[in-house]
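Peer 1: I'd like to ask you about the structure that follows.
The values are calculated or read from the model by the stated rules, or taken from the named source; none is laboratory data. The structure presented is a predicted model; accordingly, all values stated were derived computationally and were not measured. Reconstructed Cβ throughout: ideal geometry from the backbone, glycine too, with neighbour counts over all protein chains shown. With ligands, DNA and RNA removed, areas are computed over all heavy atoms of the protein, side chains included. Shrake-Rupley method; radii C 1.70, N 1.55, O 1.52, S 1.80 Å.
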Amino acid sequence: MRSLLITDLDNTLVGDLAALNRLNDRFIEARQQQEIILVYSTGRSLTSYRQLCSTVSLLPPDMLITAVGTEIYEGNGAHLNTQWSNHLIQNWDRTLVVEIAGQFMALEPQPEPEQRPFKVSYFLDAAIAPQVIAELSATLRSQGLSCQLIYSGSKDLDILPQNSDKGKAMQFVQAQFEISDMHTVACGDSGNDIALFGQNRGIIVGNAQPELLNWHYQNPAPHHYLATAHFAAGILEGLAHFCIFNKAFQ
Ligand code: GLC
Ligand code: MG
């Protein structure tokens, strides 16, 4: 039975190089016994993903999701999946989003390479984030825009089309590979990973950010596991908890 391992990169898979190498070895070994599809889902742009690849040894994924679920690439970033882009274009007015968000002094635009066709990103101080996000969300709605506002790492605010996030991109990939929730495990550490924790199995690494931990405490589920170990060691702990890699996901 084919299964899917989908993981965030920064502070989930990447953070402890020794643990990452252990997980890579374990994955290569398990892949000899089972068909496991490997997908990375990152908030980074493709350019920034490639920079990361030049500093850490990541196994080439079967598919790559970048920019918080707004871009899906075949293989290791080879071809952009335009079916997904065309799906996001509906109901998205990027110019208007930028114009409205630009009126909020508390929002500091992130560097240009992280601004993407379907992702507008800012830095936002955690102390004022809830209030600013509520006001921005109300203003966007009052202008007829329906967007997703996702706050991660107590500093990053991403504005995305309503029908896109890491979870929705994961569902698209599941459909492409015909893999059910039962045969999917997702791993994450921060706010933009919350959408990865649906009916599928999920591993929250021990070093997770408060926004994901709080969400998990409020929405506990037996198929979501909060690891004690950090980074890739947390993923390995979660995989052992679910007996994944020892036998097929059942
Ligand atoms: C990555 C991206 C950044 C985004 C953050 C949270 O750090 O580079 O643009 O805001 O993830 O999703
Ligand atoms: Mg992360």
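Peer 1: Hey, what do the phi angles of the stretch 22-38 turn into as Karplus ³J(HN,Hα) couplings, whole Hz, using 6.51/-1.76/1.60 and θ = phi - 60°, x for Gly and Pro?
Peer 2: 3J(HN,Hα) across the stretch 22-38, in whole Hz: 5, 5, 4, 4, 5, 5, 4, 5, 5, 5, 6, 9, 10, 8, 10, 8, 10.
Peer 1: Would you mind getting the accessible area per residue of the chain, heavy atoms of the protein chains only, 1.4 Å probe, in Å²?
Peer 2: 44 Å²
Peer 1: How large is ³J(HN,Hα) for each residue in the stretch 93-100, as worked out from phi by the Karplus curve 6.51 cos²θ - 1.76 cosθ + 1.60 (θ = phi - 60°), to whole Hz, x for Gly and Pro?
Peer 2: Listing the rounded values in order: 10, 4, 4, 5, 4, 5, 5, 5 Hz.
Peer 1: F197: accessible area at probe 1.4 Å, nearest 10 Å²?
Peer 2: 10 Å²
Peer 1: Between the helical axis of 166-177 and the dominant principal axis of the chain, each derived from Cα atoms, what acute angle in degrees is found, rounded to the nearest 10?
Peer 2: Approximately 50 degrees, to the nearest ten.
Peer 1: Between F104 and I28, with labels modelled 7 Å along Cα→Cβ, what's the label distance in nm to one decimal, could you check?
Peer 2: About 4.5 nm separates the two model spin labels.
Peer 1: May I ask what percent, to the nearest 5, of DSSP beta bridges between residues of the chain are antiparallel?
Peer 2: Counting only bridges with both partners in the chain, antiparallel ones make up about 50 percent.
Peer 1: Taking Cα atoms, how many degrees apart are the long axis of helix 231-241 and the longest axis of the chain, rounded to 10 and kept between 0 and 90?
Peer 2: 50 degrees
Peer 1: Using the Cα atoms of the stretch 107-195, I'd like the radius of gyration and the largest Cα-Cα distance, Dmax, both in angstrom.
Peer 2: 14.7, 42
Peer 1: Still on this structure: Run the accessible area of the chain with a 1.4 Å probe and give the carbon-and-sulfur part as a rounded percent.
Peer 2: 52 percent
Peer 1: Keeping to pairs on different chains or 8 or more places apart, tell me how many lysine pairs in the chain have Cα atoms under 25 Å apart.
Peer 2: Final tally of qualifying lysine pairs is 5.
Peer 1: Keeping all protein chains in place and using 1.4 angstrom, which order do W92, W215 fall into by accessible surface area, from largest down?
Peer 2: Output order, biggest surface exposure first: W215, W92.
Peer 1: In Å and on Cα atoms, what radius of gyration and Dmax does the stretch 11-166 show?
Peer 2: 17.5, 55
Peer 1: Quick one: which of 122-133, 198-209 comes out on top by average Cβ neighbours within 10 Å, and what's the full order, highest first?
Peer 2: By packing density, highest mean first, the sequence is 198-209, 122-133.
Peer 1: Enumerate the residues in the stretch 130-145 having an amide nitrogen under 17 Å from the point lying 7 Å beyond the Cα of L96 toward its Cβ.
Peer 2: 136-145, by backbone N distance to the label point.
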